[in-house]
């Protein structure tokens, strides 16, 4: 009798053993699936964060680099200053979402116009896109407006203006107010991908102050 029982049990697993192995396998597979899902999600978030960072840094760097040249006037014959109070200000128009300015970038002292490239510039934000226009050229987008990739949200761009004492200038519609601007703060927020309900999208916000070296 004992020999027969041993032979019968050696033929395979019992139902309890099979069920136990299935439960253990399910637990291991569930844990592995959750681990890989989290890793894929983390990798996607990191790619989206890097995309947002690259978009924000590229756009902000270009804008700041150009704004630093605002109002350059070697001969002091184009824009308002302490010596020339009757001339128009270098900032032709400004708001929280746009700025139109002029400058003279020529190294030739006989060149006293604002007709060269990057001498009549407008930056503005519209329909989730940051744009730049140079003179009469067609507008160029600095960010993507499709919202399927890294893009600027509705309230993701702002310009703030300050006078020589560091006080904010809330209203820059008048020529006198624009002529008193000595510092501009540029703030830009970029989302790394499309925004869908119930999901979080990596974003980055950059802000930089631009000192108007040519203003006086």
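Every read-out reported here was derived from the displayed coordinates using simple, explicitly stated rules and does not represent laboratory data. Treat the numbers as computed from the prediction; the structure is a model and nothing was measured. Positions of Cβ are backbone-derived with ideal geometry, glycine not excepted, and every protein chain shown enters the neighbour counts.
Restricting the search to the range 123-159, which residues are surrounded by fewer than 17 Cβ atoms within 10 Å (Cβ to Cβ), touching a residue at least 24 places away in the same chain (Cβ under 8 Å) and within 30 Å of residue 79 (Cα to Cα)?
Selection gives 126, 158.
Across the range 195-216, what is the total count of residues that are touching a strand residue (DSSP E or B) at 6+ places or on another chain (Cβ under 8 Å) and within 27 Å of residue 144 (Cα to Cα)?
Total meeting the criteria: 10.
Within the range 175-193, is even one residue assigned to a loop (DSSP other than H, G, I, E, B), more than 18 Å from residue 90 (Cα to Cα) and touching a residue at least 24 places away in the same chain (Cβ under 8 Å)?
Checked against the condition, which is being assigned to a loop (DSSP other than H, G, I, E, B), more than 18 Å from residue 90 (Cα to Cα) and touching a residue at least 24 places away in the same chain (Cβ under 8 Å), the range 175-193 yields at least one hit.
Mind listing whichever residues of the range 68-86 are surrounded by 16 or more Cβ atoms within 10 Å (Cβ to Cβ) and under 14 Å from residue 178 (Cα atoms)?
Passing the criteria: 70, 71, 79, 80, 81.
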